[in-house]
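*Asks:* Quick one: this structure, given as structure tokens, is what I'll be asking you about.
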Amino acid sequence: MNNHNFADPDNFDRQLKDILNGTRATTQNGNEIWALDSSLGDNHVIAIREIKAPIEYFMASGTQITDLCLDALTAFPLVDLSIANTCVTGSGLLSRVWPESLTNLSVSGISLRSQNVEPLARLPRLSVLDISGCQLTPSLVGEICECSQVSFILAERNRIFGKRASELSSKWPEKQFCFSDGIWKNGRRVTMQSP
């Protein structure tokens, strides 16, 4: 087993750069991974977990990661996680216990239709949740609102607009919603989305 100096972000940064070499992903401060649309895969995430890097920010949208690396991801002290438009499945995502430290989560494009989204919604510090394109009905978005402290919900590309958007944002006036037809708060559209 390797011994690492957890107080030395440069040590982690060097190790992370070695692991991420050739993926187009970058690292910063020994606790951030920026891998948007890179060739990051499950093996990289698992290798990062093996060195016990204290990853707080993990931006992996558009990569080829799958459910195989989710156990490794859940072991990080994550604050901000983006796994939108990856090969992660809804059942894989929802069958894990995610760190309570998460404040921002993007799972856009992962089908969550007809699934119990409560495990994600109940994360105690979660304030921003991107569920755009997750094939959610207004009732599932309502379930998320019912059991969460989330203050901003991005739910574009879920066929929620107009009257349904107004109803959801009226029922939960303390939350702000981004639907395909604009930003909604307290039953009213605040801004229009660009075409």
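The values are calculated or read from the model by the stated rules, or taken from the named source; none is laboratory data. Worth saying up front: this structure is predicted, and the values here are computed from it rather than measured. Cβ placement follows ideal geometry from the backbone for every residue including glycine, while neighbour counts extend to all protein chains displayed.
*Asks:* Quick one: is Pro138 surrounded by 14 or more Cβ atoms within 10 Å (Cβ to Cβ) and either touching a helix residue (DSSP H, G or I) at 6+ places or on another chain (Cβ under 7 Å) or farther than 28 Å from Ile65 by Cα (or both)? Walk me through how you get there before you give the answer.
*Replies:* Working: surrounded by 14 or more Cβ atoms within 10 Å (Cβ to Cβ): yes; either touching a helix residue (DSSP H, G or I) at 6+ places or on another chain (Cβ under 7 Å) or farther than 28 Å from Ile65 by Cα (or both): yes.
So Pro138 fits the description; yes.
*Asks:* Counting residues that are under 25 Å from Gly92 (Cα atoms) and touching a residue at least 24 places away in the same chain (Cβ under 8 Å), which strands (runs of 3 or more DSSP E) fully inside segment 116-195 reach at least 1?
*Replies:* Output list reads 128-130, 152-154.
*Asks:* Residue check, Val97 against (1) β-branched (Val, Ile, Thr); (2) free of Cβ contacts under 8 Å to residues at least 24 places away in the same chain; (3) surrounded by 20 or more Cβ atoms within 10 Å (Cβ to Cβ); (4) within 26 Å of Ala155 (Cα to Cα), all met but one. Which one?
*Replies:* For Val97, the exception is condition (3).
*Asks:* Identify the single condition in (1) at pLDDT below 95; (2) under 25 Å from Arg122 (Cα atoms) that Tyr57 does not satisfy, given that it satisfies every other one.
*Replies:* That leaves (1) as the condition not met.
*Asks:* Test of understanding: among Ser82, Ser108, which residue is within 18 Å of Ile48 (Cα to Cα), small (Gly, Ala, Ser), surrounded by 19 or more Cβ atoms within 10 Å (Cβ to Cβ) and out of contact with any Pro (no Cβ under 9 Å at 6 or more places or on another chain)?
*Replies:* On the way: Ser108 fails: within 18 Å of Ile48 (Cα to Cα).
Exactly one of Ser82, Ser108 is within 18 Å of Ile48 (Cα to Cα), small (Gly, Ala, Ser), surrounded by 19 or more Cβ atoms within 10 Å (Cβ to Cβ) and out of contact with any Pro (no Cβ under 9 Å at 6 or more places or on another chain), namely Ser82.
*Asks:* In the list Gly133, Gly92, which residue meets the criterion of being among the small types (Gly, Ala, Ser), over 24 Å from Asp181 (Cα atoms), surrounded by 15 or more Cβ atoms within 10 Å (Cβ to Cβ) and out of contact with any Pro (no Cβ under 7 Å at 6 or more places or on another chain)?
*Replies:* Details: Gly133 fails: over 24 Å from Asp181 (Cα atoms).
Just one listed residue meets the conditions, Gly92.
So that you can scan it fast, the table gives a plain yes or no per residue for (1) crowded, with 19+ Cβ neighbours inside 10 Å; (2) at pLDDT 95 or above:
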{"position": "Ser39", "(1), (2)": "no, yes"}
{"position": "Ala53", "(1), (2)": "yes, no"}
{"position": "Ser61", "(1), (2)": "yes, yes"}
{"position": "Leu68", "(1), (2)": "no, yes"}
{"position": "Leu73", "(1), (2)": "yes, yes"}
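*Asks:* Let me ask you something else. Among what's in segment 2-37 and is among the small types (Gly, Ala, Ser) and modelled with pLDDT of 95 or more, pick the residue that is surrounded by the fewest Cβ atoms within 10 Å (Cβ to Cβ).
*Replies:* At the first step, the residues of segment 2-37 found to be among the small types (Gly, Ala, Ser) are 7, 22, 25, 30, 35.
Subsequent filtering for residues that are modelled with pLDDT of 95 or more retains 22, 25, 35.
Details: Gly22: 9, Ala25: 22, Ala35: 24.
Once the filter is applied, the top-ranked residue is Gly22.
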